[in-house]
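The values are calculated or read from the model by the stated rules, or taken from the named source; none is laboratory data. Source: prediction; values computed, not measured. As a convention, Cβ positions derive from the backbone with ideal geometry for all residues, glycine included, and neighbour counts pool all protein chains shown. Keep in mind that these areas ignore ligands, DNA and RNA; they rest on the heavy atoms of the full protein, side chains included. Shrake-Rupley method; radii C 1.70, N 1.55, O 1.52, S 1.80 Å.
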Amino acid sequence: MAAVRVEEVLAAAEEQEAEKRRSVTVEKELELEFDLGNLLALDRNPPPAAGLRGAGPRREALLRALARDNTQLLVSRLWELPAERAGGAGGPLVARLPEPAFRLPREKPPPRPRPPTRWEQFARLKGIRRRKRTSLVWDEQAKEWRRRWGYRRAGGDPARAWLAEVPEGADPEEDQFARLRREKRERVARNELNRLRNLARAHRAGTAVPAAPLHPTGHQSREELSHVARVARVSTASLGRFQPRLPKESAEPPSRSGGKKQRFEPLLGNLAAERSRQLELLRDMGSKKPVLDITRAVNKQLRQEEAEAAAAKGKKQSQRGKRGRRQQRTGRSSKKSGARRQQQQQRPAGSSTGSGRRKKA
């Protein structure tokens, strides 16, 4: 093994240190102009014209070295800015950039201001200012901030208060706490009734035919349960496509209308089936014998015979009714003539009725 001289090791270390210093030290004839607010560096030194002529690896290497030197100068200036730790002692080191000095151009024109509405014009004329109402208020009893409305609101529930004021003119023997609880139950029931009315009104507005009432307790039939399940499934935005299925439920997702979804054959896929359908259609068009559907023809003949039989039966019944009415009328007239003839035979000779003509004297 050859012996390593100390002088050679020191010379190699000095060369490496000089190379590191050269990597962070850049010499320029004219200093660059920096705009640290925009992270911008302007180099006014003329580049070597001989190296930029033509297109080749030499030009690419020269441009790469020029960009590297300018970036090194910009980064060195950034390290001179005051820095601090973001998010505590263990956070990253960040520097505060100064205000930008150059005004960079925009890619697009600035947006036009929106014209004020009629209400904004009226509010500006009258001096009305919009104030946002906070949702929290200070509760003097609980000594804390609480919501204006809803659960645990400021002021608390009057029905749960330890003291209830007796209204003027009320029965002094009446339990005011029971009255407050009763009024609260009535308000809750009234709100629930209004909610159900709104749901029924919205359901009637959405469907032309009113739906059958659904019992809230265990009185549903199988059809009603299936209808309720279909309505609950299609109430989502995906029409129940991603809802878990019930036992013995069809895999096909139901539609909003409740009918079967029309399915079409795929445009691309089973070419053999498509070829067979087209050949069958051409064969039917080219054959001289017409295609006869036996079942459809038999059903049509049966319907036609039933219609003819019904028409003949109705005509026969109408004729029978006319004959019966005619016989009834002839029977009544014969009875009247027979009675009149019998009365004339019973009258004595020489007598006449008042309606007959008088004989001249």
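Stretched out straight at 0.36 nm per residue, the stretch from Ala200 to Lys288 would grow longer than its current Cα-Cα span by 25.6 nm.
Computed over neighbours whose Cβ is under 14 Å from that of Arg147, the net charge equals +2, Lys and Arg +1, Asp and Glu -1.
For the range 140-201 versus the range 45-111, the inter-centroid distance based on Cα atoms is 68 Å.
Going 7 Å from the Cα of Trp162 in the Cα-to-Cβ direction, what parts of the range 121-141 have a backbone nitrogen less than 19 Å from that spot? Hits in the range 121-141 for Trp162 at 19 Å: 139-141. Peptide packing for 103-116, 124-137 was compared via the average number of neighbouring C-beta atoms within 10 Å per residue; ordered from the highest value, the list is 124-137, 103-116.
Computed extension gain for Glu174 through Ala123, at 0.36 nm per residue and net of the alpha carbon distance, reaches 13.2 nm. Taking R0 as 22 Å, what's the FRET efficiency between Ala142 and Lys184 from their Cβ-Cβ distance, rounded to 0.05? Between Ala142 and Lys184 the formula returns 0.65.
Given a 1.4 Å probe and the protein chains as shown, Arg59 ends up with an accessible area of around 90 Å².
Residue order by solvent-accessible surface for Asp171, Asp139, Asp69 is Asp171, Asp69, Asp139, largest first, with ligands and nucleic acids left out and a 1.4 Å probe. Run down the aspartates and glutamates and flag those whose C-alpha is under 14 Å from the C-alpha of Lys313, throwing out any fewer than 8 positions away in its chain. Answer for Lys313, where 14 Å is the Cα cut-off: Glu305, listed by chain and number. Taking 0.36 nm per residue of separation and subtracting the current Cα-Cα distance, fully stretching the chain between Glu280 and Val228 would add 14.2 nm.
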